[in-house]
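First comes the structure, then the notes that go with it.
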Amino acid sequence: MKRIILACVLAACVMVGSSAAYAVLPDEVMSDPVKETRARDLSRELRCMVCQNQSIDDSEAPLARDLRLLVRERIAAGDSDAQVLDFLVARYGEFVLLKPRLERHTLLLWLLTPLVLLGGGFALWMYGRRRGKSAAVENPSSAKLTAEEEARLRQLMSAEPVSDQPVQGPR
Amino acid sequence: MIAEAGHYALVLALGLALIQSTVPIFGARWHDPALMNVARSTALAQMVFALGSFAALVTLHVTSDFSVVNVFENSHSLKPMIYKITGVWGNHEGSMLLWVSILALFGGLVAAFGNNLPLSLRAHVLAVQAWIASAFYLFILITSNPFLRIANPPIEGRDLNPVLQDIGLAVHPPMLYLGYVGFSISFSFAVAALIEGRIDAAWARWVRPWTLLAWIFLTLGIAMGSYWAYYELGWGGWWFWDPVENASLMPWLAGTALLHSAVVMEKRNALKVWTILLSILTFSLSLLGTFLVRSGVLTSVHAFATDPERGVFILLILCVFIGGSLSLYAWRASALKQGGLFAPISREGALVLNNLFLTTACATVFVGTLYPLALEVLTGDKISVGAPFFNLTFAPLFVPLLIAMPFGPLLAWKRGDLLGAAQRLFAAGIVALVTVAVIWAWTRGGSALAPLAIGLAVFVIAGALVDLTERIGLFRVPVAVVARRARGLPRSAWGTVFAHAGIGVALIGIVCETTWNSEYIGTMKPGDVTHVAGYELKLDRIMQRQGPNFREMVVPFDVSRDGRQLSTMTPSKRSFTTRETTTTESALLTRGVSQLYISLGETTADGAITVRIYHKPMVLLIWFGPVLMAFGGMMSLSDRRLRVGAPKPARAPRALQPAE
């Protein structure tokens, strides 16, 4: 075990290691292409635990190979995807999942994105309302054009040559 | 001698930085132009000494002076010259020296080209710049001195990590650092504005070119790093959601948001407080990136420095600068006056929406990167957050952003006409729908979402083109008029078109590569033939070759299609004797924008070799997109307004009509 870790750390030191090119080995591939696809998809969701941020699909570590074979063994035994994951989590802990499950201790991780988006949206809406109101209070007359102004505006706009360009920012 | 000179230059640079951090501030306080002008000369001198120190280290590496620890540990006399030079920043000490040299360079540039800045603003900006510089000079001198000597110099060095012996190292880190460190300028401007308690549209005009410059470098740096990983790491992945990659993506997302909010500030004098905050956040994220990479807190595939002493020092710098600037912000931001009003449906509104989504995306990357660390420190639970998490949370944020993107430039400032914009985008929508239909009909396999995603990308590109045709009146006015308008169109408008189209281009590449890539994994012997995506690949022979500082096994493949010989691909495996490591050099064959990719595995006892062959359709678009974006940035940077008109202080504001 220690040697595996050492090898992996060494490998990681050289970014991905000596010969990273043989993640999935030919002898691992399942004969049923549908099952093989399932195995590959699952492999991408599972972490090679002695490596640094690599899925077992990408890693060349011996442990990753063992895990790949284990996944294929479970699939061959007729497990569903969820059952395979449950089996691995029971055996190796949550750490093996690259996509943590939604539980109490990962609540913030999963909910932060929607919270920021909704919170930000709400803050913007409130801000817009407040500023709109305060502006209207400061300068109530400007919100609406008077009939005279409307007429003058129409006159100005019709006087212009046919606009072939939308109103653009940079002048 | 050179090592001592380099070391001494660095100490002098620190001394100058300390003067530059204090004297101009007092000068501004006492309204003393002479003291304020100290900032300019010290910044220039500091640049000279920092670059001199860096040049000294380069010289030591080039001359293979193994009496210096840094050279001994990272160089080898037989190493090709280019890697002797790039090896300077292929290690912790050297890369930190590059970092501060770039910081000093940017400070010097502000000093040199900032003649049109108000004196006190320039004094403050350069002083803040010098605070950052002082902290990092101290960090290098105390914890990571690259000029240390060995008492008994060895005869040969330990060589540079073989994976880093690649042209990628020559380009990727300097680009990335130019980006990271470039954001320090907008940070310094933001802090200076907070200290002065004054900010106007002219401020945004000064900040925008610097931000844009940093953003261009960061964009290219990230893209370059991604391509490097793609061909070097040997399994054809181009983005791994590795913490180190995330560390560079966060400042990019925040910096992109900053670019857009600075536009609003410059044009409409609105969003001031938010722009200041974004400037602070962007550079804070750059600092965080430096911390994550340099401290070794993440043991990730990129980390090549681990030393707790350094980690604590950088953490300290991080806390002081982020904490300090945010406290200053909390204290002073309310003093800044708010500017122009706008309706929700307007150019400003669209840019605010852009900021909302980019900031959320940035927060997502942030939490995904740091949550496992925090959780482990706090509770001891170990969890992994990897690609599947980010694909599920990060990617969906870009759907509304990309749908909204073509609308933004078509809306008027202050109050826009969404229906009108939609009508003008009608053609783009049709093109996108036709694309979706065609792809749906023509392709087999892959996710049903893929054609939709490509449709979205086409919509983005077509939307950018619609914006352009509208502006120059293509198809509606005579060609001569169109040409005149195209010339007269502000470069920044061209920049927008290219940058926005670049996003669409990159998206097409990403979707095609992930959905329709095909692969072959197997063992092959000389003479064996295999088929991948319509190509026929014949393993010719396995041969050995001697390189300058490595031995390599080369395996030529004959590639043909429909019986016609196309090319020979030669993937190889190199063994570096000094470090006793091997690297995989994959072979790439570019056909249009698609690529064939071969990388080698182990040889078996019976003389066969494990090979992985991939066909990656449209894969090059993934990097053409960012290049297009950076090109758009350069167009925008060359805009007349930023070159000539920048230094005009804010005119007396005209009485603006509120939007509603």
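The values are calculated or read from the model by the stated rules, or taken from the named source; none is laboratory data. Fair warning: this is a prediction, and the values are worked out from it, not measured in the lab. Note: ideal-geometry Cβ built from the backbone for every residue, glycine included; neighbour counts use all protein chains shown.
If you check B:LEU105, B:LEU16, B:LEU60 for being closer than 21 Å to B:GLY179 by Cα and not in a loop (DSSP other than H, G, I, E, B), only one passes: B:LEU105. Set side by side, the residues A:SER59, A:SER43, A:SER55 differ, and just one is more than 8 Å from every other protein chain (Cβ to nearest Cβ), modelled with pLDDT of 85 or more and surrounded by 20 or more Cβ atoms within 10 Å (Cβ to Cβ), which is A:SER43. Can you confirm whether B:ASN355 is crowded, with 20+ Cβ neighbours inside 10 Å, more than 7 Å from chain A (Cβ to nearest Cβ) and assigned to a helix (DSSP H, G or I)? Answer is yes for this residue.
Within the bounds of the range B:464-483, is there any residue that is within 30 Å of B:TRP440 (Cα to Cα), surrounded by 14 or more Cβ atoms within 10 Å (Cβ to Cβ), within 14 Å of chain A (Cβ to nearest Cβ) and touching a strand residue (DSSP E or B) at 6+ places or on another chain (Cβ under 8 Å)? No; the residues of the range B:464-483 include none that is within 30 Å of B:TRP440 (Cα to Cα), surrounded by 14 or more Cβ atoms within 10 Å (Cβ to Cβ), within 14 Å of chain A (Cβ to nearest Cβ) and touching a strand residue (DSSP E or B) at 6+ places or on another chain (Cβ under 8 Å). Screening the range B:223-235 for residues that are closer than 15 Å to B:ILE510 by Cβ and crowded, with 22+ Cβ neighbours inside 10 Å and picking the one that is nearest to the other protein chains (Cβ to nearest Cβ) gives B:ALA229. Scanning the range B:599-613 for residues that are of a type outside the set (Val, Ile, Thr) and within 11 Å of chain A (Cβ to nearest Cβ) yields a total of 6.
So that you can scan it fast, the table gives a plain yes or no per residue for (1) of a type outside the set (Asp, Glu); (2) at pLDDT below 85; (3) touching a Gly at 6+ places or on another chain (Cβ under 6 Å); (4) not in a loop (DSSP other than H, G, I, E, B):
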position: B:TRP252; (1), (2), (3), (4): yes, no, no, yes
position: B:ILE276; (1), (2), (3), (4): yes, no, no, yes
position: B:THR299; (1), (2), (3), (4): yes, yes, no, no
position: B:HIS302; (1), (2), (3), (4): yes, yes, no, no
position: B:ALA305; (1), (2), (3), (4): yes, yes, yes, no
position: B:PHE313; (1), (2), (3), (4): yes, no, no, yes
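Evaluation of B:ARG205 against the conditions (1) more than 21 Å from B:SER638 (Cα to Cα); (2) within 14 Å of chain A (Cβ to nearest Cβ); (3) not aromatic (Phe, Trp, Tyr) shows that the sole unmet condition is (1).
Residues in the range B:504-519: is at least one in a strand (DSSP E or B), at pLDDT below 90 and within 30 Å of A:GLU28 (Cβ to Cβ)? There is at least one residue in the range B:504-519 that is in a strand (DSSP E or B), at pLDDT below 90 and within 30 Å of A:GLU28 (Cβ to Cβ).
Of the candidates B:VAL88, B:VAL38, the single residue that is in contact with a helix residue (DSSP H, G or I) (Cβ under 6 Å, 6 or more places away or on another chain), modelled with pLDDT under 95, assigned to a helix (DSSP H, G or I) and farther than 30 Å from B:ALA192 by Cβ is B:VAL88.
Residues in the range B:589-598 that are within 10 Å of chain A (Cβ to nearest Cβ) and farther than 14 Å from B:SER518 by Cα: 0 in all. Contact map, the range B:517-531: first residue closer than 12 Å to B:TYR597 by Cβ and within 13 Å of another protein chain (Cβ to nearest Cβ), second residue among the polar types (S, T, N, Q) and surrounded by 15 or more Cβ atoms within 10 Å (Cβ to Cβ), Cβ cut-off under 8 Å, separation 6 or more or different chains; pairs are B:TYR520/B:THR530. Please determine, by comparing only the residues of the range B:239-273 that are more than 10 Å from chain A (Cβ to nearest Cβ) and among the aromatic types (Phe, Trp, Tyr), which one is nearest to B:THR496 (Cα to Cα). Only one residue tops the list, namely B:TRP252. Of the listed requirements (1) of a type in the set (A, V, I, L, M); (2) buried (at least 19 other Cβ atoms within 10 Å of the Cβ); (3) facing chain A (nearest Cβ under 10 Å), B:ALA374 misses just one: (2). A Cβ distance below 6 Å, combined with a sequence gap of six or more or placement on separate chains, defines the contacts here; from the range B:419-446, residues that are touching a residue at least 12 places away in the same chain (Cβ under 8 Å) and farther than 23 Å from B:THR515 by Cα reach residues that are of a type outside the set (A, V, I, L, M, F, W, C) and in a loop (DSSP other than H, G, I, E, B) in the pairs B:LEU425/B:PRO406.
For the range B:72-116, filtered to residues that are of a type in the set (Ser, Thr, Tyr) and over 20 Å from the mean Cα position of the chain (by Cα), the residue that is nearest to B:ASN549 (Cα to Cα) is B:SER77. One residue stands out among those in the range B:583-605 that are surrounded by fewer than 21 Cβ atoms within 10 Å (Cβ to Cβ), outside any strand (DSSP E or B) and in contact (Cβ under 8 Å) with a residue 40 or more places away in the chain: the one that is nearest to the chain's Cα centre (by Cα), which is B:VAL593.
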